[in-house]
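Encoded as C-alpha cells, the structure appears first; notes follow it.
Values quoted throughout were computed directly from the atomic coordinates according to the rules given, and no laboratory measurement underlies them. This one's a predicted model, so the numbers in the text were calculated from it and none came from an experiment. Heads up, the Cβs are rebuilt from the backbone with ideal geometry, glycines too, and the neighbour counts pull from every protein chain shown.
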Amino acid sequence: MKKNIHPQVFETIVTCGCGNTFKTISTKKELKVEVCSNCHPFYKGVTTTTVEAKGKIEKFLSKFGNYQEKITAKQSKKTQKNKK
C-alpha cells in the first residue's frame, strides 16, 4: 500500500437519538444518528408506516384519480367547438 494516501481510521462511538450506543470503525471519532437498528420500526416489527402510506395514496387518488376523465372531457369539448 502507498503511504500517506489512506485516511486515518478510529474506533468510533455511534450514539443514537434513542440513547443506544455502539462501537464501530470510521474516519470520525464520534457519530450521532437519529435512528438505529434498536429503534427503527422495520427491526421492531411496527407496521404503522403502511397506514400512513395508504392515506397518502388515497389523497393522491382523490386529487388525480379522475385525471383521464378530465382529459377526455376536454377533448370532447374541443371537438364540439371545432364542429361548430
- Message: Just to be sure I understand, if you calculate Rg and Dmax of the Cα atoms in Å for this structure, which of (1) 27.3, 83; (2) 14.1, 44; (3) 11.8, 38 do you get?
- Response: (1)
- Message: Sequence gap at least 6, Cα distance under 8 Å: using those rules, report the relative contact order of the chain to the nearest whole percent.
- Response: 18
- For the chain, share of DSSP beta bridges that run antiparallel, in % to the nearest 5: 60
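Sorting 40, 6 on the 10 Å Cβ count, fewest up front, what's the list?
Lowest count first: 6, 40.
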- Item | Exceeding the 26 Å Cα-Cα cut-off - candidates 3/29; 56/81; 3/32 | 56/81; 3/32
- Task: Please give the length that would be gained between residue 57 and residue 18 if that part of the chain were fully extended, namely 0.36 nm times their separation in residues minus their C-alpha to C-alpha distance (nm, one decimal).
- Result: 11.0 nm
- Note on the structure: The long-range amide H neighbours of residue 12, using H built 1.01 Å from N in the peptide plane and a cut-off of under 5 Å, are 24, 25, 26
- Label-point separation (nm) for residue 26 and residue 44, each offset 7 Å from Cα along Cα-to-Cβ? 2.2
